[in-house]
Amino acid sequence: MPEYPHSISSKLPKVTSTIFSVMSQLAQEEQAINLSQGYPDFPMDARLIGLVNQYMLQGLNQYPPMAGIPKLREVIAAKTEKLYGASYDPDKEINITAGGAQAIFTAILATIHEGDEVIIFTPAYDSYAPAVELAGGKPVYVQLKASNYAIDWPQVKKLITRHTRMLIINTPHNPSGAIITEKDIEELIKLTNNNDIMILSDEVYEHMVFDSQKHLSLSAYPELAERSIIVSSFGKTFHCTGWKMGYVLAPANLMTEFRKVHQYNVFTVNAPMQYAFADYLADEENYMHVAEHYQHKRNLFLSAVKASRFKSKPSKGTYFQLLDYSQISEEEDTEFAIRLTKEFKVASIPVSVFYHNPVQNSVLRFCFAKEEETLLRAGDILCKI
């Protein structure tokens with residue numbers, strides 16, 4: 001094909017392939033155990049697959065309503081009220097999305113204008129800042145405290161200006177596994193009192209909080225819920241990340257704006273899967289024990305690496321565990337992650353890539369959403385380094 005005669009000015013000049021794609025490809029090339037990208041390697045519930053097939057065979061394969069089928073939105077409303085005591089109108093305040101990433105992208109494009117400032121806590125999931133930039137906004141970065149990845153609220157207050165339009169909260173937090181506390185909620189309420197700052201709350205790991213801790217959804221706090229777009233994920237909760245399905249909760253005024261973009265972004269989401277999730281989600285037994293499932297896997301992985309030279313603090317949520325390799329190597333984490341994959345055949349994600357300006361703390365992120373045998377094999381290898 002001949003070279004295109006006109007140059008194209010990239011809207012995201014600094015963006016290349018994500019680190020998740022890079023490390024997963026490297027793991028495949030090296031035939032390494034892939035604990036890098038966050039997806040399960042074990043089967044999902046066959047009953048859920050059966051429900052999708054059932055509704056396909058019933059002919060429910062055409063466009064569903066833009067916001068999602070009513071039954072699924074009603075079940076989500078009932079679940080939200082049961083778990084968090086929050087009341088959302090299924091018609092005006094709940095929308096089904098093509099996964100969490102689409103929900104986040106749509107929420108930002110719907111609400112952020114040219115010159116608006118958006119506070120992002122780093123290390124941060126890599127989709128936040130590009131979406132802000134594409135909307136014409138300006139990411140403003142606040143670094144979490146490295147020891148426990150807590151929010152530095154005095155620093156946040158210093159960065160609030162008349163241009164601040166949104167804060168992006170992520171709890172449980174990817175990549176650190178940290179969770180917000182009641183103290184964080186208090187600070188967030190004080191910070192957003194008497195202004196028009198919105199909150200985008202990424203809660204896709206809401207059902208993965210460990211050690212008898214409770215997920216603090218912003219939906220449970222009226223002062224925050226009234227200004228928050230809350231994102232959740234079926235893919236994370238039900239081990240089907242490839243299905244790319246999630247939903248958002250938001251007050252009617254924000255949801256109106258969200259849907260204006262959603263209708264032109266994806267318009268609607270896979271019909272038979274919506275009907276299947278409506279049935280599956282109605283039984284709370286299908287999601288109430290997810291935390292126990294992953295806590296067992298976290299504990300197994302930590303036990304498997306206990307004799308290694310890696311240092312760790314147990315993850316409080318998500319299905320990620322950070323390991324500190326400072327007693328093993330002085331290499332930068334990107335270099336060590338590549339060497340770990342090539343020489344020792346275990347793939348991870350270097351945490352420095354989650355920062356605006358890479359921070360070297362000698363920490364790698366490992367995904368423990370894997371079969372027990374996979375985790376034990378990986379642990380055995382890591383103990384020999």
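The values are calculated or read from the model by the stated rules, or taken from the named source; none is laboratory data. Just so it is clear, the structure is predicted and the values come from calculations on it, not from any experiment. Note: ideal-geometry Cβ built from the backbone for every residue, glycine included; neighbour counts use all protein chains shown.
With the requirement that a residue be in contact (Cβ under 8 Å) with a residue 24 or more places away in the chain and touching a helix residue (DSSP H, G or I) at 6+ places or on another chain (Cβ under 9 Å), what does region 290-305 give you? Passing the criteria: Val290, Lys297, Leu300, Phe301, Ser303, Ala304, Val305. Those helices (runs of 4 or more DSSP H) of region 274-385 in which at least 3 residues are more than 23 Å from Ala32 (Cα to Cα), considering only elements entirely within it, cover 290-304. With respect to being touching a residue at least 40 places away in the same chain (Cβ under 8 Å) and under 18 Å from the mean Cα position of the chain (by Cα), Arg365 fits the description. Within the option set Gln102, Gln62, being surrounded by 16 or more Cβ atoms within 10 Å (Cβ to Cβ), out of contact with any strand residue (DSSP E or B) (no Cβ under 6 Å at 6 or more places or on another chain), farther than 29 Å from Asn361 by Cβ and not hydrophobic (A, V, I, L, M, F, W, C) holds for one residue only, Gln102. Do we find that Ala129 is modelled with pLDDT of 95 or more and not basic (Lys, Arg) in this structure? So Ala129 passes the test.
Report, by residue number, each residue of region 207-240 that is assigned to a loop (DSSP other than H, G, I, E, B) and in contact (Cβ under 8 Å) with a residue 40 or more places away in the chain. Steps first, answer last, please.
First, pick out the residues of region 207-240 that are assigned to a loop (DSSP other than H, G, I, E, B): 207-208, 210-217, 221, 226-227, 238-240.
Answer for region 207-240, where residues must be assigned to a loop (DSSP other than H, G, I, E, B) and in contact (Cβ under 8 Å) with a residue 40 or more places away in the chain: His207, Met208, Phe210, Asp211, Gln213, His215, Leu216, Ser217, Phe238, His239, Cys240.
Comparison of Ser201, Ser217 shows that the only residue that is within 20 Å of Glu81 (Cα to Cα), assigned by TED's automatic domain parsing to the domain that holds Leu83 and touching an Asp or Glu at 6+ places or on another chain (Cβ under 7 Å) is Ser217.
Picking from Phe310, Phe277, which residue would you name as being among the aromatic types (Phe, Trp, Tyr) and over 30 Å from Gly59 (Cβ atoms)?
Numbers: Phe277 fails: over 30 Å from Gly59 (Cβ atoms).
Every option except Phe310 fails the conditions.
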